[in-house]
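Student: Please read through the structure below; I'll follow up with questions.
The values are calculated or read from the model by the stated rules, or taken from the named source; none is laboratory data. Being a predicted model, the structure only gives us computed values, none of them experimental. Here the Cβ is made from the backbone with ideal geometry for all residues, glycine too, and neighbour counts use every protein chain on show.
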Amino acid sequence: MRMSQLFLPTLFEDPKEAELVSHRLMLRAGLIRRLASGIYSYLPLGNMVLQKIIGIVKEEMEHIGYQEVLLPALQPKELWEESGRWEEYGEDMFKLRDRREREFGLGPTHEEVITDLVRREVRSYRDLPLFLYQIQTKFRDEMRPRFGVMRGREFIMKDAYSFDCTSQDADISYQNVYNAYCQIFARCGLRFRAVEADTGLIGGSRSHEFMVLADAGEDIIVSCTACNYAANLQKAEIGEEKDRAEKEKMDDLTLVETPNMKTVEEVAHFLHVTPNKLIKTLFYETEDRLVGCLIRGDQQLNLAKLQRLLGCSILRMADESIIRRVANTIPGFSGPIGLQDVQLIADNSLRNGRNFVVGANKPNMHYMNANIGRDFRVDTFQDIRIATSGDPCPRCEAKLKIGKGIEVGHVFKLDKKYSRSMKATFLDEDGKEKDIIMGCYGIGITRLMASIIEQNSDELGIIWPISVSPYEVLILLVNIQDKIQKEGAFELYEDLKKEKVEVLLDDREESPGKKFKDADLIGIPIRVVIGKRMKEEGVFEVSLRRTRERFLVKKEEAVGKVKELKSLP
Ligand code: ATP
Ligand code: MG
């Protein structure tokens, strides 16, 4: 392609609305333009990158036996009512009516549609396993669309679904996609990590998120500094602290006044203790009971973990009136001493501590030197807090650390979640009707593109990994008015095309300064500069965008050098 013909509106200045490097560079390098909040157009260069990513995804999915389909974006409400998600998905789904007042949703995901398709066609175990995927636009009315295409309201997803006869087969299917995803992200030039994720309300047994490691990430990754344990924040387990050899001795329980001091910081400051000496007593309601949770003052409760522990589908902070009635206590001054009829779950970190400050269940009063066992009971010690840096790893002796990531992929073993509610069954060899065991697997294609830029750029612009670069080589013709330079550039351009090298020729009537700036900005990995040196010494300068390494080669060696650089890992 000749750059003079290419629709490539680059920007010199940083766009004000863009916070993230990737968002800024995608706008500046002419990859995308915004239409409305969270809605973007992809310009030729942007679209070429998308097609490269899609090519890699298709190869790897087909390699593990997946067939491509294309499912409708417009989906009838009735289907979503069958799975119970019309209500559950709520405002995140774009909903609309047709001229006959029938209600539809624009698909934010496709479990319902694919389960409907499969339940109509699959009859017997002979039709299984079945592996399908699609690459398609999804719609989600995100609460906070932001960071360009990272969190859009219209975005491209690759979604795949597996249908198996048995749970064991479904585990193999899950592992196959897991492995394929590792291949895909590695081929896209990414540093990433698969982390254990919570299955939450979806149920099912296993889930991993694929996180691109980047400070710009909205997700928090907890990982071990020694072993390969890694999980997202909701899921991250914490190992048990070693029993400290020498415990403090128990001091006498003392009731103290804490006038109007309600927060941990206020009470700790007032009583001259550190926040880790306080115990917070928090009350939560499930569909059928009230529980009290005891957490150290400097730590936070992890609701996802508590919910998993309790196995409930509703979990919310208890109403003040309920706390007063059932626990007979006062919010802000509640504590475990004297509490009856409420299950008390203490975080593991309290197990070995002594002499805590706790609320006294009386206005403006706390107890000092409260001790578990002596002054109050605890029903169970559990891991219910949010992991922080330095906490013990749940799998080995080492400590956990906290990092940030961008979720680019998510794999889920769904088990019977949709097949049961939507009656997707098959007749097994023994003639019995059974639920199909499903898995679902997503990759955010457009988010992946932005993530690649987050990890592959410098202050001057993008540095595309060659696997996803819109072109492999850029020929920078310094002065198009110079006949010798021009001839050399066009000759090389034709030679490279003949060799099936993807080449872009900057044949614009622009200043050399602008051409070099744009070259750095759009980030084509291999560059051939044709300028004065070609005229004076008969050499081309071939260089790499990433390392700035330069090679001076004779004209007739240029194609060979480019091909050599192109095949480097
Ligand atoms: P997030 O937690 O970031 O909102 P999600 O868990 O809701 O994402 P999934 O339903 O797992 O997303 O969708 C599969 C993949 O689609 C995600 O891993 C992510 O890469 C991508 N994705 C999800 N929402 C968006 C969005 N609003 N814009 C761009 N990509 C998205
Ligand atoms: Mg997800």
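Student: Within the stretch 266-280, identify whether any single residue is of a type in the set (D, E, K, R), touching a strand residue (DSSP E or B) at 6+ places or on another chain (Cβ under 6 Å) and closer than 20 Å to Pro331 by Cα, and answer yes or no. Break it down stepwise before answering.
Tutor: Taking the stretch 266-280 and keeping what is of a type in the set (D, E, K, R), we get 266, 277, 280.
Within this subset, residues satisfying the condition of being touching a strand residue (DSSP E or B) at 6+ places or on another chain (Cβ under 6 Å) are 277, 280.
So of that shortlist, the ones also closer than 20 Å to Pro331 by Cα come out as 277, 280.
Yes, the stretch 266-280 contains at least one residue that is of a type in the set (D, E, K, R), touching a strand residue (DSSP E or B) at 6+ places or on another chain (Cβ under 6 Å) and closer than 20 Å to Pro331 by Cα.
Student: So which strands (runs of 3 or more DSSP E) stay within the stretch 334-390 end to end and still have 2 or more residues that are within 18 Å of Leu303 (Cα to Cα)? Steps first, please.
Tutor: On the way: elements: 343-347, 356-359, 365-370, 380-382.
Ranges flagged: 343-347, 380-382.
Student: Just to be sure before I move on: is Ala197 within 16 Å of ligand 1 (Cβ to nearest atom), in contact (Cβ under 8 Å) with a residue 40 or more places away in the chain and touching a strand residue (DSSP E or B) at 6+ places or on another chain (Cβ under 9 Å) in the structure I sent?
Tutor: Details: within 16 Å of ligand 1 (Cβ to nearest atom): yes; in contact (Cβ under 8 Å) with a residue 40 or more places away in the chain: yes; touching a strand residue (DSSP E or B) at 6+ places or on another chain (Cβ under 9 Å): yes.
Yes.
Student: While we're on this one: Only one of (1) modelled with pLDDT under 95; (2) away from ligand 1 (no atom under 12 Å from the Cβ); (3) assigned to a loop (DSSP other than H, G, I, E, B) is not met by Gly189, so which one is it?
Tutor: (1)
Student: Are any of the residues in the stretch 396-406 surrounded by fewer than 21 Cβ atoms within 10 Å (Cβ to Cβ), among the hydrophobic types (A, V, I, L, M, F, W, C) and in a strand (DSSP E or B)?
Tutor: Looking through the stretch 396-406, at least one residue is surrounded by fewer than 21 Cβ atoms within 10 Å (Cβ to Cβ), among the hydrophobic types (A, V, I, L, M, F, W, C) and in a strand (DSSP E or B).
Student: Write out, first by first residue and then by second, each pair whose Cβ atoms fall under 8 Å of each other, whose residues are 6+ apart or on separate chains, and whose first residue, in the stretch 398-418, is at positive phi while the second is part of a strand (DSSP E or B) and more than 14 Å from ligand 1 (Cβ to nearest atom).
Tutor: These pairs meet every condition: Asp415/Ile437; Asp415/Met438.
Student: Might you let me know whether the stretch 243-259 holds any residue that is at pLDDT below 95 and within 20 Å of Ile386 (Cα to Cα)?
Tutor: Taking every residue of the stretch 243-259 in turn, none turns out to be at pLDDT below 95 and within 20 Å of Ile386 (Cα to Cα).
Student: A further question on this structure: Out of everything in the stretch 1-53 that is among the aliphatic types (A, V, I, L, M) and surrounded by fewer than 16 Cβ atoms within 10 Å (Cβ to Cβ), what residue ends up being nearest to ligand 2 (Cβ to nearest atom)? Steps first, answer last, please.
Tutor: Initial filter on the stretch 1-53 (among the aliphatic types (A, V, I, L, M)): 1, 3, 6, 8, 11, 18, 20-21, 25-27, 29, 31-32, 35-36, 39, 43, 45, 48-50, 53.
Keeping just the survivors that are surrounded by fewer than 16 Cβ atoms within 10 Å (Cβ to Cβ) gives 11, 35-36, 39.
Details: Leu11: 32, Leu35: 25, Ala36: 24, Ile39: 21 Å.
Going through the qualifying residues, I end up with Ile39.
Student: Take Leu350 and tell me if it is within 17 Å of Asn276 (Cβ to Cβ), surrounded by fewer than 20 Cβ atoms within 10 Å (Cβ to Cβ) and either touching a strand residue (DSSP E or B) at 6+ places or on another chain (Cβ under 8 Å) or without any contact (Cβ under 8 Å) to a residue 12 or more places away in the chain (or both). Let's see the steps before the verdict.
Tutor: Working: within 17 Å of Asn276 (Cβ to Cβ): yes; surrounded by fewer than 20 Cβ atoms within 10 Å (Cβ to Cβ): yes; either touching a strand residue (DSSP E or B) at 6+ places or on another chain (Cβ under 8 Å) or without any contact (Cβ under 8 Å) to a residue 12 or more places away in the chain (or both): yes.
So Leu350 passes the test.
Student: Tell me the helices (runs of 4 or more DSSP H) entirely within the stretch 468-545 that contain at least 1 residues that are at pLDDT 95 or above.
Tutor: Details: elements: 483-498, 512-522, 532-537.
Counting at least 1 such residues, we get 483-498, 512-522.
Student: Where residues in the stretch 419-432 are touching a residue at least 24 places away in the same chain (Cβ under 8 Å) and of a type outside the set (A, V, I, L, M, F, W, C), which of them is surrounded by the most Cβ atoms within 10 Å (Cβ to Cβ)? Please lay out each step first, then the result.
Tutor: Let us first name the residues in the stretch 419-432 that are touching a residue at least 24 places away in the same chain (Cβ under 8 Å), namely 419, 421-429.
Checking the rest, the ones that are also of a type outside the set (A, V, I, L, M, F, W, C) come to 419, 421, 423, 425, 428-429.
Values: Ser419: 21, Ser421: 15, Lys423: 13, Thr425: 17, Asp428: 14, Glu429: 9.
The extreme case among them is Ser419.
Student: Checking the condition away from ligand 1 (no atom under 16 Å from the Cβ), in a helix (DSSP H, G or I) and more than 23 Å from Lys416 (Cβ to Cβ), which residue from Glu62, Glu87 passes?
Tutor: On the way: Glu87 fails: more than 23 Å from Lys416 (Cβ to Cβ).
Checking each option against the conditions leaves just Glu62.
Student: Limited to the stretch 197-212, what total is found for residues that are at pLDDT 95 or above and more than 13 Å from ligand 2 (Cβ to nearest atom)?
Tutor: 1
Student: If I filter the stretch 556-569 down to residues being more than 41 Å from the chain's Cα centre (by Cα) and surrounded by 15 or more Cβ atoms within 10 Å (Cβ to Cβ), which single residue comes out as farthest from Arg187 (Cα to Cα)? I'd like the intermediate steps shown before the answer.
Tutor: Filtering the stretch 556-569 down to residues more than 41 Å from the chain's Cα centre (by Cα) leaves 556-558.
This time we only want the ones that are surrounded by 15 or more Cβ atoms within 10 Å (Cβ to Cβ), so: 557-558.
Details: Glu557: 29, Ala558: 27 Å.
The qualifying residue farthest from Arg187 (Cα to Cα) is Glu557.
Student: Right, something else. Could you please tell me which pairs satisfy a Cβ distance under 8 Å, a separation of 6+ or placement on different chains, a first residue in the stretch 148-172 that is under 24 Å from Gln67 (Cα atoms), and a second residue that is of a type in the set (S, T, N, Q) and near ligand 1 (Cβ under 8 Å from one of its atoms)?
Tutor: Filtered contacts from the stretch 148-172: Phe155/Thr446; Ile156/Thr446; Met157/Thr109; Asp159/Thr109.
Student: Of Tyr418, Tyr441, which residue is of a type in the set (Ser, Thr, Tyr), touching a strand residue (DSSP E or B) at 6+ places or on another chain (Cβ under 8 Å) and away from ligand 2 (no atom under 16 Å from the Cβ)? Please lay out each step first, then the result.
Tutor: Numbers: Tyr441 fails: away from ligand 2 (no atom under 16 Å from the Cβ).
Every option except Tyr418 fails the conditions.
Student: Select from the stretch 124-164 the residues that are under 22 Å from Met26 (Cα atoms), of a type outside the set (Asp, Glu) and part of a strand (DSSP E or B) and list them in ascending order. Quick ask: steps written out before the conclusion?
Tutor: Initial filter on the stretch 124-164 (under 22 Å from Met26 (Cα atoms)): 135-140, 142, 144-158.
Going one step further and asking which of them are of a type outside the set (Asp, Glu), we end up with 135-140, 144-153, 155-158.
Once the filter is applied, which keeps residues that are under 22 Å from Met26 (Cα atoms), of a type outside the set (Asp, Glu) and part of a strand (DSSP E or B), the stretch 124-164 yields Ile135, Gln136, Thr137, Lys138, Phe139, Arg146, Arg151, Phe155, Ile156, Met157, Lys158.
Student: While we're looking at this one, here's another question. Specify the residue that is surrounded by the fewest Cβ atoms within 10 Å (Cβ to Cβ); the eligible residues are those in the stretch 309-342 that are modelled with pLDDT of 85 or more and of a type in the set (Ser, Thr, Tyr).
Tutor: Ser321
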